[in-house]
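For reference, the structure is listed below as structure tokens.
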Amino acid sequence: MVFCRVIEARGLYVGKNRVGLHRASLSSLGAAVGDCVGVEGGRRTVARVGWILSRPEEANSVSMDSVIRQNCDTRVGGRVVVFKLTPKPALNVVLTPKSYPGPKEDLEALGIVNISSVSYPTLFDQPFTRYVKGKLTGYPLVVGDIVLVPVLGRQAPFSTVDTEPRGAVVVDENTQLTIRG
């Protein structure tokens, strides 16, 4: 496990549940790009290592976007614990549409759309659920996490309300995904 200072993620990996770690931290963890790590601030979440931080001033830092910061209850400049973990394959995952509670400027920057107030029962039918599952295949998560799913060129936030098994899981082709409106 390593203790890291949180810095802002920018660019390609924003909104994709990816963190950046310094080479020294990756070496200490025995982790590589693509591996899953746990991140614990005020609460615990899970993400994939998406890139390597290499500048000297980034040593002992973890780069993450506002969604991951919210999922682990921290802020830019905050301190978190990062540890390597292997999530279990998710048998069942239950999501519910959510209004994004993060900073208002993130709504525009991430292209987030609020679908939590949509009253169309057919929005969450089987084709849509299959679409969401396809977008989340390979995605690590824990109960309580917000996940962003691209819908019609925007990011739709969902809250993870249940998983089987409990703890860190990863969505795969065998996962039963349910979306409760």
Which of 163, 86 comes first, and how do the rest follow, when ranked by fewest Cβ neighbours within 10 Å?
86, 163
Given the -39500 (n - 2.57) contribution per DSSP H run of 4+ residues, what per-residue ellipticity at 222 nm results for the chain, rounded to the nearest 500 deg cm²/dmol?
-4500 deg cm²/dmol
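Quick check: from the Cα gyration tensor, does region 2-84 come out rounded (a/c under 1.5), prolate or oblate?
Rounded is the answer for region 2-84, as its axis ratio a/c remains below 1.5.
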Taking the Cβ of residue 143 as the center, what net charge do the other residues with Cβ under 11 Å away carry, scoring Lys and Arg +1 and Asp and Glu -1?
0
Given the Cα-Cα distance of residue 7 and residue 27 and 0.36 nm per residue of separation, how much length would full extension add, in nm?
5.3 nm
Across all Cα atoms of the chain, Rg and the largest Cα-Cα distance (Dmax), in Å, are 15.9, 52
Please compute the modelled spin-label separation between residue 154 and residue 59, points set 7 Å along Cα→Cβ, answer in nm with one decimal.
4.5
Amide H contacts under 5 Å for residue 61, restricted to residues at least 5 apart in sequence or on another chain and with H modeled in the peptide plane, are 5, 22
With +1 on the Cβ of every Lys and Arg and -1 on the Cβ of every Asp and Glu, the dipole magnitude of the chain about its Cα centre, in debye rounded to the nearest 20, is 160
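So what is the relative contact order of the chain, in percent, for Cα pairs below 8 Å that sit 6 or more residues apart?
Contact order relative to length: 26 percent.
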I need the phi-derived Karplus couplings for region 51-63: 6.51 cos²θ - 1.76 cosθ + 1.60, θ = phi - 60°, integer Hz, Gly and Pro marked x.
7, 10, 7, 10, 6, x, 6, 8, 4, 6, 10, 10, 9
Per-residue HN-Hα couplings for region 129-144 [Karplus 6.51, -1.76, 1.60; θ = phi - 60°; Hz; x = Gly/Pro]:
4, 4, 4, 4, 4, x, 5, 9, 4, x, 8, x, 7, 9, 4, x
Could you give me the ³J(HN,Hα) list for region 156-166, computed from phi with Karplus coefficients 6.51, -1.76, 1.60 and θ = phi - 60°, whole Hz, x at Gly and Pro?
9, x, 10, 9, 7, 9, 7, 9, 9, x, 6
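Laboratory data are not the source of any read-out in this text; all were calculated from the coordinates shown. These numbers were taken from a predicted model, which means no experiment stands behind them. Cβ sites come from the backbone with ideal geometry, for glycine too, and all protein chains shown count toward neighbours.
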